[in-house]
Amino acid sequence: MPQLGKLLTAMVTPFDDQLQVDYDRAAQLAVKLVQEGNDGLVVSGTTGESPTLSDEEKLQLYRVVKEAVGDATVVAGTGSNNHEHTMQLTKAASQTDVDGIMLVGPYYNKPSQEGFYQHFSRAAAATELPVIVYNVPGRTGKNIEADTVLRLAADVANIVAV
C-alpha cells in the first residue's frame, strides 16, 4: 500500500463572486500549499465545503488539484451520510488519479459502532486506494471508538490511517 505522506493539509475550496467553484484558484492554492512543505492535500473534506459541492464539482476538483500538484499526494474526501452515495463517489474518485480516499462517518445518522464498522469496511471495498477514516465527532455527532478502529485496521487492508 503506498504511503500518503506525513503532512497532509485539508484544503479549502475557493469560490468566485457567483459562488461557483473557482478551479483556477484551487489549482494555484494547491501548488502554493505543496511549495510550502505539505506532502499532500485533502480535497473536499469538511474544510473544503464537501456538503455544499455536487459530485461533478468534487470530481473536477480532484482532477484539477491532482494535475496542479503532480507527484504530491491528493486524498479525495468522498464520505457522506448516505452509504450508497459514499460508495458511488468513492468509485468515481478512484478513477481520477487521486492517491487516497478519506471517509467521514455518516453524519446525522449516528450509527452504532457496528454500523460504523459496516460503513467503513464496505466503502473501503469500493476502492483499491488507501483509505483514511475521518473521525470528527463534533461534526457527525458520534465518536468512532478505538475498538472499532482496531477492528477495521485488522480486517480491512486498505484502511491505513485515522
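Taken together, the values in this text are just the output of simple stated rules run on the coordinates, not laboratory data. Because the structure is a prediction, the values reported are computed rather than measured. In this analysis, Cβ positions are derived from the backbone assuming ideal geometry, glycine residues included, and neighbour counts consider all displayed protein chains.
The table that follows gives values for the structure above.
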read-out	value
Residue that is surrounded by the most Cβ atoms within 10 Å (Cβ to Cβ) [pool: residues in the range 131-162 that are in contact (Cβ under 8 Å) with a residue 12 or more places away in the chain, in contact with a strand residue (DSSP E or B) (Cβ under 7 Å, 6 or more places away or on another chain) and part of a helix (DSSP H, G or I)]	Thr140
The lone exception for Ala10 - which of (1) in contact with a strand residue (DSSP E or B) (Cβ under 8 Å, 6 or more places away or on another chain); (2) surrounded by 18 or more Cβ atoms within 10 Å (Cβ to Cβ) it fails	(2)
Breaking point among (1) more than 18 Å from Thr127 (Cα to Cα); (2) in contact with a Lys or Arg (Cβ under 8 Å, 6 or more places away or on another chain); (3) crowded, with 20+ Cβ neighbours inside 10 Å, for Leu61	(2)
Wholly enclosed strands (runs of 3 or more DSSP E) of the range 29-130 bearing at least 1 residues of a type in the set (Ser, Thr, Tyr) and under 14 Å from the mean Cα position of the chain (by Cα)	73-77
